[in-house]
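Read the structure below first, then the notes.
The values are calculated or read from the model by the stated rules, or taken from the named source; none is laboratory data. None of the values given here were measured: they were computed from a predicted structure. Cβ coordinates were reconstructed from backbone atoms using ideal geometry, including for glycine residues, and neighbour counts include every protein chain displayed. SASA here: full protein model, heavy atoms, side chains in, ligands and nucleic acids out. Shrake-Rupley method; radii C 1.70, N 1.55, O 1.52, S 1.80 Å.
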Amino acid sequence: MGAVKAQAIYGYAFVTSHRFSSRGPLTGRIRVPGDKSISHRSLMFGALAVGRSRISGLLEGEDVLATAAALRAMGARIEKDGDDWIVDGVGVGTLLQPQQALDMGNSGTSTRLLMGLVASHGITATFTGDASLSKRPMGRVIDPLSAMGASFTSSPGGTLPLVMQGLQPAVPISYRLPVASAQVKSAVLLAGLNTPGTTKVIEPVPTRDHTERMLRGFGVDVQVEERDGERIIKLTGPCDLEPCDITVPGDPSSAAFFAVAASIVPGSDLVIENVGLNPTRDGIFRVLGQMGASIDYLEEREVGGEPVADLRVRHAQLKGIEVDPSIAPSMIDEFPVLFVAAALAQGTTVTTGLEELRVKESDRLAAMAAALKLAGADVEERDDGLVIRGSGGKALPGGGVITTHLDHRIAMSMAVAGLASKAGVEVDSTEPIATSFPNFTALLDEAAS
Ligand code: S3P
């Protein structure tokens, strides 16, 4: 825990790299912050309702705060009230033209969903982001939103910065998703809220369904039909959203780091409370189960319309498996930490069908292959996945300085790898962690003290 002490002594701003080393088992009970996807949507839908919505358990990470700032710039009032957040919405169709560029920071979700909102309002908006976000493909939302009538001037390759002009009234479309992406699905549906007529999205592979579930909570008639394994989602605009009180469940994507940490550190017995287990998000826990992880689901219940449980995770010798690519959309953000679990497993883990990982906050296949190799793991990078021959539970050698490429999940995954290493793992910068999980390091100290 030397580097954590160094932060306290020297001040966070001066500490660039951070070493995560082996320490005791993870024990006790922890609670991870609110779900990032649900937090973004709570603010957006609250801003589109007429009246006051109250949100408890909102994730106060940089990505979500970027969404809040953009919505304020378009007329919504968003304020903290004790532990809750209050949103006074402007109503669908009345978003104001932002006076300055909307700075999306590192957040793809903020960017793509807000582009959807702007597309069917008669306003012009400029979207900017950090170096990581500025490399990510926006063509996947520009295409359908252009078909609805919005116009765009983007940077080369369809990236940020970009300027877009919405069209009011926009044109409803029927859109078959060419990539399994909840962000693209949501962008089209959000544009549809202020579009007269029926907007339809066809999803060949189901992705996280928070937009559909939550819009219903805000009083929108979202119709979902399953046909031949595809999902057809429809809404008819213009829609009125009713204000809503929301309790955001804990983020399964954040819980995943602790589930893997407790699985690979001998002697661990950790309860992670209040973990959202929406079936479009819980793939990591199912795959860890297939690898032999010891996960008990306690106090199963519903929070904010989402299934939730406390997870008791105990150390177990994991075994390598072939991960079924069809499970990927339900754990798309959890592969970096799954690769860490695989590096400590007995036998080989093979992952395929993961091209999407190359266009996340970083190229996560390349970044994790390089990082794990530097830590001494046996990893082969393929076009669409990694093949990892596990150590059989032996601590990784560790050492080297890992490059996180402004990617919070690379930083946290390699922090977890450091717990199961001989020399520790040095992460070049822990700052990106604040985008999604500001108290990650503090919780790690709490669980493994
Ligand atoms: C998200 C969808 C996913 C995920 C991201 C959050 C969302 O992205 O990776 O962290 O909230 O809709 P894609 O839709 O691009 O897969």
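A few notes on this one:
- Along principal axes, Cα extents of the chain, largest first, whole Å: 61, 51, 47
- For the range 36-246, a crude dipole built from +1 on the beta carbon of Lys and Arg and -1 on the beta carbon of Asp and Glu, taken about the Cα centre, is about 460 debye to the nearest 20.
- In this structure Val303 has an accessible area near 20 Å², from a 1.4 Å probe over the protein heavy atoms.
- Among the trypsin sites (Lys or Arg not before Pro) in the range 382-440, those located in a DSSP loop and surrounded by at most 15 other Cβ atoms within 10 Å of their own Cβ are Lys394, Lys422.
- Probing with 1.4 Å while keeping every protein chain in the model, the per residue accessible area of the range 42-198 equals 34 Å².
- Accessible area (Å², 1.4 Å probe, nearest 10) - Leu65: 70 Å²
- Remark: the range 199-215, residue by residue, has Karplus-estimated 3J(HN,Hα) of 9, 10, 10, 10, 10, x, 10, x, 10, 3, 10, 5, 4, 5, 4, 6, 4 Hz, where x stands for each Gly or Pro and the curve is 6.51 cos²θ - 1.76 cosθ + 1.60 at θ = phi - 60°.
- DSSP beta bridges in the range 36-246 [antiparallel fraction, %, rounded to 5]: 80 percent
- Between Arg382 and Val387, the built amide H atoms are under 5 Å apart, and every one of these is 5 or more places off in sequence or on another chain.
- Estimated inter-spin distance, Glu242 and Glu355, nm [label 7 Å along Cα→Cβ]: 4.4 nm
- Amide H contacts of Arg136 (H built 1.01 Å from N, under 5 Å, at least 5 apart or other chain): Leu160
- Residues whose amide H comes within less than 5 Å of that of Glu60, counting only those at least five positions distant or on another chain, are Gly34 (H built at 1.01 Å from N in the peptide plane).
- Protein-only accessible surface at a 1.4 angstrom probe places the residues Lys135, Lys373 in the order Lys135, Lys373, largest first.
- Tensor-based shape of the range 37-140 (alpha-carbon gyration tensor, a/c under 1.5 rounded, otherwise prolate or oblate): oblate
- Only helical runs count toward this figure. For the chain, summing -39,500 (n - 2.57) over DSSP H runs of n ≥ 4 and dividing by all residues gives -9000 deg cm²/dmol at 222 nm.
- For the range 94-111, the Karplus equation 6.51 cos²θ - 1.76 cosθ + 1.60, evaluated at θ = phi - 60°, returns couplings of 10, 4, 8, 5, x, 7, 10, 4, 8, 8, 8, x, 9, 9, x, 5, 4, 4 Hz by residue, with Gly and Pro reported as x.
- Point-charge dipole on Cβ atoms (K/R +1, D/E -1) for the chain, about Cα centre, debye to 20: 500 debye
- Rounded percent of accessible protein surface that carbon and sulfur make up, the chain, 1.4 Å probe: 51 percent
- For the range 380-387, the Karplus equation 6.51 cos²θ - 1.76 cosθ + 1.60, evaluated at θ = phi - 60°, returns couplings of 10, 8, 10, 4, 10, x, 10, 10 Hz by residue, with Gly and Pro reported as x.
- Environment charge of Asp88, counting only residues whose C-beta is closer than 12 Å and scoring Lys/Arg +1, Asp/Glu -1: +2
- Solvent-accessible surface (1.4 Å probe) assigned to Glu322 amounts to roughly 150 Å².
- Note on Arg29 and Gln346: the extension gain reaches 111.3 nm, defined as 0.36 nm multiplied by sequence separation minus the Cα-Cα distance.
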